[in-house]
Structures are given as C-alpha cells and as structure tokens.
C-alpha cells in the first residue's frame with residue numbers, strides 16, 4: 001500500500017487585504033507540498049472559484065506559475081473543487097494545468113432521501 005500525504009487548502013485563506021500576501025501563501029503551500037520526497041502529495045484546493053475569477057489576476061498568475069513549475073520528481077497532484085466552474089479563469093484551464101474536469105450532478109430529491117435513509121441503517 002502506498003502512503004499519500006493530503007494537504008487541503010480552503011481558497012478563502014488566500015484572500016488578503018495586504019498586497020502580495022495571498023500569493024506568498026500559495027507559494028508556501030506549493031513549497032510544502034514539494035518538500036515531501038517520502039510520499040506523493042495531493043494538494044487539494046476547495047472553492048477554487050473564490051480566488052480564480054478574473055478579478056484576482058495576481059493569485060491566478062501565482063497559481064499558474066506554481067503548477068507550471070511542478071516536476072515529476074515533486075510527486076504532487078493538484079486537485080480542485082468548485083461549485084462555479086464557469087468562474088475559473090481560462091488561464092488555469094489550459095493544457096498541463098487544470099485541464100481535466102469531472103462534473104458531479106446534484107442528486108434529485110428522491111435520491112437524496114434514499115441516500116440519507118441507507119446511511120442511517122449502517
């Protein structure tokens with residue numbers, strides 16, 4: 001069994017009133033992920049749309065550069081989640097960056113009821 005390190009980042013933590021602080025936090029997170037030579041690392045960004053809409057050019061640029069600078073020997077997989085994929089700047093959706101998408105449909109009301117009911121049995 002292969003061990004994997006998981007680092008979760010809530011995108012809201014990169015929003016700052018101080019100029020450049022969010023960018024430094026992104027750089028620090030990638031630096032931490034790359035330092036683990038012992039285990040591969042999954043770097044998970046939740047609510048990516050919060051930092052990657054067209055108004056946050058500095059954060060988009062920094063995130064793009066950090067993804068571009070990942071080498072195979074870093075063994076880092078970047079995974080992101082968003083409820084608003086259309087807000088993600090196209091710069092990040094280019095080939096070699098965040099170019100794979102998996103859409104999950106919202107379950108219908110009847111399915112949600114069945115899921116809740118089956119979870120209570122276990």
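How big is D, in µm² s⁻¹, for the chain by Stokes-Einstein at 25 °C and 0.890 mPa s if Rh is the Kirkwood radius over C-alpha pairs? All intermediate terms of the calculation are to be shown ahead of the outcome.
Values: Rh = 16.1 Å.
Approximately 152 µm²/s, per Stokes-Einstein.
On a full-extension model of 0.36 nm per residue, what is the gain between residue 55 and residue 104, subtracting their alpha-carbon distance, rounded to one decimal in nm? Write out the running numbers ahead of the final one.
Details: separation 49, 0.36 × 49 = 17.64 nm, distance 2.63 nm.
Working it through step by step, the gained length comes to 15.0 nm.
Rank these for me by crowding, 59, 29, going from fewest to most other beta carbons within 10 Å.
Working: 59 22, 29 18.
Ranking 59, 29 by Cβ neighbours within 10 Å, fewest first, gives 29, 59.
For the peptides 99-105, 2-8, what is the packing order when you average, over each peptide's residues, the other Cβ atoms within 10 Å and list the highest mean first? Let's see the in-between values first.
Values: 99-105: 7.0, 2-8: 10.9.
My ranking of the peptides, most packed first, is 2-8, 99-105.
Quick one: order 80, 52 by neighbouring beta-carbon count within 10 Å, fewest to most. Can you show the working numbers first?
Working: 80 20, 52 26.
Least crowded to most crowded, the residues run 80, 52.
Each reported figure results from applying straightforward, stated rules to the coordinates on display, with no laboratory input. Please read all numbers here as calculations on a predicted model, not as lab measurements. Note that we place each Cβ from the backbone using ideal geometry, even for glycine, and neighbour counts take in every protein chain shown.
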